[in-house]
Amino acid sequence: KQLIRELKLKIPQVAITTDVMVGFPGETEEQHQISLAFVEEMEFAGLHVFKYSPRTGTKAASFENQVPPEVKEERSKEMIALGRRLKKKFAQRFLGQKLDVLVEQQTKDGLWEGHSPNYLKVCFAAPKDDLRGKILPVKLVEYTEDFILGEVKL
């Protein structure tokens, strides 16, 4: 916790993400709630959530207190929903600002797509010139679940 707090103080725009496993054998509802609270407190910019699945030959596969699949599914859904809320909260902090975006590709809809230094996925309209590999200042104007819509003036 302390390291993450210090990092965010020194680099306010930093995007810290994490992987979260739910449903490891023996995980109680109380432990799951503690994990949710920790993730919320740390305000991660993104989560990769996965459910524990037993692998033949591993010690954990033979542990007692395997978490039932329906409980793992519910816990996964809760954590994913929290991750979406935190991702949105992080991204919305930058609306109205100009960030440099490394242009990666043109989408099938004709928008250009790239990422900011803090790994925000940004899409914007621009002339059809090949912009791949260029770094452009893009004003972030609208959050969507898949990307942030931006405006660029070339």
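Out of region 54-70, which residues are in a loop (DSSP other than H, G, I, E, B) and open to solvent by 50 Å² or more (accessible area, probe 1.4 Å)? Matches in region 54-70: 54, 55, 56, 57, 58, 63, 64, 65, 66, 68. Residue pairs whose Cβ atoms lie under 6 Å apart, sitting 6 or more positions apart in sequence or on different chains, and linking a residue in region 87-108 that is at negative phi and of a type in the set (Phe, Trp, Tyr) to a partner that is in a loop (DSSP other than H, G, I, E, B) and at pLDDT 95 or above, are 90/45. Of all the listed residues (153, 121, 139), the sole one being exposed (fewer than 13 other Cβ atoms within 10 Å of the Cβ) and either within 18 Å of residue 90 (Cβ to Cβ) or free of Cβ contacts under 8 Å to residues at least 12 places away in the same chain (or both) is 153. Here 94, 44, 90, 50 are screened, and the one residue that is modelled with pLDDT of 95 or more and farther than 30 Å from residue 133 by Cβ is 50. The single condition among (1) within 28 Å of residue 122 (Cα to Cα); (2) free of Cβ contacts under 8 Å to residues at least 60 places away in the same chain that residue 51 does not satisfy is (1).
Residues in region 3-47 that are part of a strand (DSSP E or B), open to solvent by 30 Å² or more (accessible area, probe 1.4 Å) and aliphatic (A, V, I, L, M): 2 in all. Filtering region 84-118 to residues that are in a loop (DSSP other than H, G, I, E, B), in contact with a strand residue (DSSP E or B) (Cβ under 8 Å, 6 or more places away or on another chain) and either open to solvent by 80 Å² or more (accessible area, probe 1.4 Å) or not β-branched (Val, Ile, Thr) (or both) leaves 94, 95, 96, 97, 111, 116, 117, 118.
The values are calculated or read from the model by the stated rules, or taken from the named source; none is laboratory data. Treat the numbers as computed from the prediction; the structure is a model and nothing was measured. Here the Cβ is made from the backbone with ideal geometry for all residues, glycine too, and neighbour counts use every protein chain on show. Just the protein is used for accessible areas: all its heavy atoms, side chains included, with ligands, DNA and RNA removed. Shrake-Rupley method; radii C 1.70, N 1.55, O 1.52, S 1.80 Å.
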